[in-house]
1. Every residue in region 144-179 that is within 14 Å of Val67 (Cα to Cα) and either surrounded by fewer than 12 Cβ atoms within 10 Å (Cβ to Cβ) or more than 22 Å from the chain's Cα centre (by Cα) (or both), please.
2. Within 29 Å of Gly236 (Cβ to Cβ) and touching a residue at least 24 places away in the same chain (Cβ under 8 Å), is that true of Phe205?
3. Quick test for you: out of Gln78, Gln63, Gln34, Gln114, pick the one residue that is of a type in the set (S, T, N, Q) and at pLDDT 90 or above.
4. Just wondering, is there one or more residues in region 106-124 that are open to solvent by 70 Å² or more (accessible area, probe 1.4 Å) and closer than 30 Å to Gly46 by Cβ?
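The values are calculated or read from the model by the stated rules, or taken from the named source; none is laboratory data. Here the structure is a predicted model, which means the values were calculated and not measured. Every residue, glycine among them, receives a Cβ derived from its backbone with ideal geometry; neighbour counts consider all protein chains shown. In case anyone asks, the SASA skips ligands and DNA or RNA and just uses the protein heavy atoms, side chains included. Shrake-Rupley method; radii C 1.70, N 1.55, O 1.52, S 1.80 Å.
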Amino acid sequence: MKRLDSFTPIGLLLGIVTFSYGIISKNDVSGFLQFIDIPSIIIVFGGLTAAMFVSFPPKEMKQIFVVIKQAFSKNEDQLPKLIDLFVRLSDRARREGLLALESEMEEVDDPFIQKGILLAIDGVESDTIVDIMNAEISALEERHSKGRSLLEKAGEYAPAWGMLGTLIGLILMLEDLNDPSNLGPSMAIALLTTLYGSLLANLFFLPLAAKLSMKTEQEVFLKQVIIEGVIGVQSGQNPKLLEEKLSAFLSSGEIEEREQDAEEEAF
């Protein structure tokens with residue numbers, strides 16, 4: 001089950017607060033007006049959008065909001081539940097046979113687990129099951145990589161367009177050197193585009209891409225555990241031995257928590 005990953009909005013808010021503090025630390029709140037320049041905003045956002053349209057087809061561009069949404073969600077810790085599930089499946093398979101697991105699949109929400117167990121029920125060899133499930137993992141990594149590349153490219157283009165805006169501002173400033181009093185304000189406006197581009201890249205696009213990369217690694221890790229569980233069930237492995245094997249994927253903290261839960265259930 002997915003839920004809101006509170007650290008993502010908290011991190012974004014903290015970045016905005018830090019940036020805002022830098023602005024008002026030596027000025028009052030009205031100092032924000034000095035950092036708003038409509039032409040600079042148009043250059044950065046317009047140029048960024050144009051570059052993204054050139055880089056990606058419309059079908060992929062439509063997915064950018066879906067990709068961003070994924071960075072704000074997280075899955076509950078599934079590993080202990082996965083271990084319990086495969087221990088239960090292994091125990092029933094040893095007592096009643098693999099065919100008895102078909103009814104169990106109606107209560108399992110994960111299609112990846114369903115596919116693995118149903119392949120085992122159909123009598124597919126373990127090596128073939130592993131190949132099929134690993135192929136699905138590779139396809140998942142490829143899909144996630146394409147989605148993540150939208151944010152990574154946006155993180156590359158935003159500072160570049162910020163620099164282009166600064167160059168435009170400097171050229172226009174150098175054309176008006178007759179009035180030295182305008183040099184300071186003109187330089188400040190020219191630098192705003194670089195500020196906008198760097199802020200977008202380093203607070204939004206690149207951090208979200210990094211979060212998605214971490215989520216992909218976690219999902220692939222869970223699927224590898226699932227493959228081990230499916231093969232253990234198919235081979236008729238002893239439930240206790242399978243539990244020990246899958247528990248190797250738990251962190252030390254998760255192992256201690258699992259042992260405490262087992263002791264509480266015993267009492």
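1. Listed by number, the list is empty, since nothing qualifies.
2. Taking the combined requirement at face value, the residue does not satisfy it.
3. Result: Gln114 is the single residue among Gln78, Gln63, Gln34, Gln114 that is of a type in the set (S, T, N, Q) and at pLDDT 90 or above.
4. There is no residue in region 106-124 that is open to solvent by 70 Å² or more (accessible area, probe 1.4 Å) and closer than 30 Å to Gly46 by Cβ.
Yes/no per residue for (1) surrounded by 12 or more Cβ atoms within 10 Å (Cβ to Cβ); (2) among the β-branched types (Val, Ile, Thr); (3) modelled with pLDDT of 90 or more:
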position	(1), (2), (3)
Ala209	yes, no, yes
Val220	yes, yes, yes
Val225	yes, yes, yes
Leu250	yes, no, no
Glu259	no, no, no
Glu263	no, no, no
